[in-house]
Amino acid sequence: MKRIFFAAVLLSILGTVSAFAQEKEQKTTEQVVAEQVEKLEKELNLSPEQAFWVDSILSFNYASTMEEYDRLNESGMRNAESYKAVHDKWEKRTEEAMKKALTEQQYIGFLRYVGKGKEYKKAKDGTWVLKKGAKKEPEEKK
């Protein structure tokens with residue numbers, strides 16, 4: 001369940017595209033990404049520069065994910081693990097890029113937005129803090 005909403009960024013975009021595919025007027029990838037950026041702007045209080053970076057990150061990573069999915073489809077791949085591996089790869093890249101573009105508090109908000117970061121809660125002053133007894137996930141070594 002944790003990963004489902006990162007898909008909020010990637011998979012919710014797919015879900016939105018699928019939902020609108022049944023309607024006469026289908027939204028473009030750019031429109032769907034723009035809607036996600038608008039939601040994130042409000043949710044995370046992004047500066048114009050950050051909104052630009054978030055838009056660029058989501059646009060590029062979504063397009064790259066779709067290209068890899070298309071290549072798998074064209075090759076006749078039906079193995080769900082292959083699609084999951086592609087999803088996981090681009091999810092990780094999106095998170096890494098967002099971490100660079102956002103402040104620590106905004107990044108935690110982003111993780112919460114996509115269904116992760118459950119070890120954090122909002123404090124009375126509106127900042128994100130670790131829940132009592134929760135452990136911060138260790139940084140991966142490069």
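The values are calculated or read from the model by the stated rules, or taken from the named source; none is laboratory data. Not measured: the values here are computed from a predicted model. Cβ sites come from the backbone with ideal geometry, for glycine too, and all protein chains shown count toward neighbours.
Please find, among A51, A19, the residue that is surrounded by fewer than 18 Cβ atoms within 10 Å (Cβ to Cβ) and modelled with pLDDT under 55.
None of the others qualify; the one that does is A19.
Report yes if E43 is modelled with pLDDT under 95 and charged (D, E, K, R), otherwise no.
So E43 fits the description; yes.
Please go through (1) among the hydrophobic types (A, V, I, L, M, F, W, C); (2) within 14 Å of the chain's Cα centre (by Cα); (3) surrounded by fewer than 18 Cβ atoms within 10 Å (Cβ to Cβ) for V114 and return the number of the only condition it doesn't satisfy.
(3)
For the stretch 118-130, what are the residues that are of a type outside the set (F, W, Y), within 21 Å of S47 (Cβ to Cβ) and in contact with a helix residue (DSSP H, G or I) (Cβ under 8 Å, 6 or more places away or on another chain)?
Hit for the stretch 118-130 is T127, nothing else.
Give the stretch 77-111 a look and list any residue that's over 20 Å from L46 (Cβ atoms), surrounded by fewer than 12 Cβ atoms within 10 Å (Cβ to Cβ) and of a type outside the set (K, R), or say none.
Across the stretch 77-111, the qualifying residues are N79, A80, E81.
I'd like the residue in the stretch 26-39 that is in contact with a Phe, Trp or Tyr (Cβ under 8 Å, 6 or more places away or on another chain) and assigned to a loop (DSSP other than H, G, I, E, B) and, out of all such residues, is modelled with the highest pLDDT.
Here the answer is K27.
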